[in-house]
1. For n ≥ 4 DSSP H runs only, could you compute -39500 (n - 2.57) per run for chain A, divide by its residues and tell me the 222 nm figure to the nearest 500?
2. In whole angstrom, and with the biggest value first, how far do the Cα coordinates of chain A range along each principal axis?
3. Within 10 Å of each Cβ of A:110-116, how many other protein chain Cβ atoms are there on average?
4. Take every residue in peptide B:25-37, count the Cβ atoms of other chains within 10 Å of its Cβ, and give the average of those counts.
5. If N is the number of residues in the range A:41-83, what value comes out of its Cα radius of gyration divided by 2.2 N^0.38 Å?
6. Take peptide A:95-105, look around each residue's Cβ out to 10 angstrom, count Cβ atoms belonging to other protein chains, and average those counts.
Amino acid sequence: MAHSNVAPANGPLDLSRLHGQVVVVDFWASWCKPCRQSIPWLNELKARYGASGLTIIGVNVDAERRDADRFLRDVPIDFEVLFDPQGNIARQFKVKAMPTSYVIDRNGKLVATHLGFRDAKKAETEAAIKALLDAPVH
Amino acid sequence: MRKLLLLAIATVGLQGCANLGVQPWEREVLARDDMQLDANALDTAFDDHIYFSKEGTSGGRGFGGGGCGCN
């Protein structure tokens, strides 16, 4: 399955179950300041496109779970969150910056990697995701 | 014996390279405000003033050189 080029099936993050969906995997942490801005926006994306086939998965890389929980009280997340305190998933995805998000198309192919978060790029990224949602599945 | 000792030292030295730096997802402590180089702006300004005053003859923060170093 094509998803294996991003994350192995049966790994902590098994993307093969999401075949046919456009997937955004977002790495975040409580200490990462841009994440406070990116997460509400990802919530919005999920609200707008969730029904059309967009799945967002947040991967938290805080070493201490209570730091993540405190952040979640301030900034609630409306999508699935995995906790990766050892950084195993982050290592597998070769995360280069915080936050990093990976966009995977309906065929399981990694199509974009976004390092950091900039307000100015929101419209462009959203348009790209919308195009992926409209693209056919093989 | 000496060669063996050198080898042992080199091997121990190499272990220091096993983990190069902190990974992006491990920067929790480094990201703290009080861990920034300019955590205290006033302090940084004082330090900078002392630096460019002392080093004025060689240009201080710039490249010009020949400053009097008296401010």
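1. -9500 deg cm²/dmol
2. The Cα atoms of chain A stretch 42, 33, 24 Å along the principal axes, largest first.
3. Mean shielding by partner chains, rounded to a whole number: 0.
4. Across B:25-37, the average partner-chain Cβ count within 10 Å equals 4.
5. Details: Rg = 11.5 Å, N = 43, 2.2 N^0.38 = 9.2 Å.
Here the answer is 1.25, to two decimals.
6. Per-residue shielding by partner chains comes out at 2.
Bear in mind that the values in this text are calculations on the coordinates, not laboratory data. Note that this is a predicted model, so its numbers are computed, not measured. Don't worry about glycine lacking a Cβ; one is built from the backbone with ideal geometry, like all the others, and counts go over all protein chains shown.
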